[in-house]
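Encoded as structure tokens, the structure appears first; notes follow it.
The values are calculated or read from the model by the stated rules, or taken from the named source; none is laboratory data. Given the structure is predicted, the values throughout are model-derived calculations rather than measurements. Please note: Cβ atoms are built from the backbone with ideal geometry, for glycine as well, and neighbour counts cover all protein chains shown.
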Amino acid sequence: MNTKLIGRWGEMEAAKYLKSEKYKPIAMGFSTRYGEIDIIAESKDFLIFVEVKTRKDASFATAKDYVTPAKQRRIITAANIWLAENCCEKKIRFDVIELYYRMEHNAPYLVTLNHIENAFYVGTDN
């Protein structure tokens, strides 16, 4: 299975998790020329822009470590574009969902899922 398919699998697993936690996914794979948002979901109080990182293990770095400041800026830019096109009165939050998997019978098997709320903050300096 190639990395793109593994990534899509991870996004689907993350969406299933969010639904199980009473979040409502409202968009997946929102893409602009400036950046992409894997999942846009809402809860009672928040509109959440979710970056999903799927990795075999954390031996080199955690999946969250791959959400660099440059990646965060691209996500924020894409979020601002989405917000300009879609009215929202809720507070905004940026989360990261880390998924770690192993291959079993040529298919990924979820080992660990870690949901990091407020993984990065959008303040006046961004």
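Within the stretch 82-121, the set of residues being under 19 Å from the mean Cα position of the chain (by Cα), closer than 26 Å to ARG33 by Cα, of a type in the set (A, V, I, L, M) and surrounded by fewer than 17 Cβ atoms within 10 Å (Cβ to Cβ) comprises LEU83, ILE92.
Quick check: is even one residue across the stretch 72-95 of a type in the set (Ser, Thr, Tyr) and within 19 Å of GLY29 (Cα to Cα)?
Here is the first cut: in the stretch 72-95, the residues of a type in the set (Ser, Thr, Tyr) are 77.
Those still in the list that are within 19 Å of GLY29 (Cα to Cα) too: 77.
Yes, the stretch 72-95 contains at least one residue that is of a type in the set (Ser, Thr, Tyr) and within 19 Å of GLY29 (Cα to Cα).
For LYS44, are the conditions met, namely being of a type in the set (D, E, K, R), modelled with pLDDT of 95 or more and loosely packed, with under 15 Cβ neighbours inside 10 Å? Give the steps one after another, and end with the answer.
Numbers: of a type in the set (D, E, K, R): yes; modelled with pLDDT of 95 or more: no; loosely packed, with under 15 Cβ neighbours inside 10 Å: yes.
So LYS44 fails the test.
Taken together, THR68, THR32, THR77, THR62 contain a single residue that is surrounded by fewer than 20 Cβ atoms within 10 Å (Cβ to Cβ), farther than 18 Å from ALA119 by Cβ and β-branched (Val, Ile, Thr), which is THR32. Restricting attention to the stretch 1-22, the residues being at pLDDT 95 or above, over 13 Å from the mean Cα position of the chain (by Cα) and at negative phi number 3.
Scanning the stretch 1-25 for residues that are out of contact with any Ser or Thr (no Cβ under 8 Å at 6 or more places or on another chain) and loosely packed, with under 15 Cβ neighbours inside 10 Å gives MET1, ASN2, THR3, LYS4, LEU5, MET12, LYS16, LYS19, SER20, GLU21.
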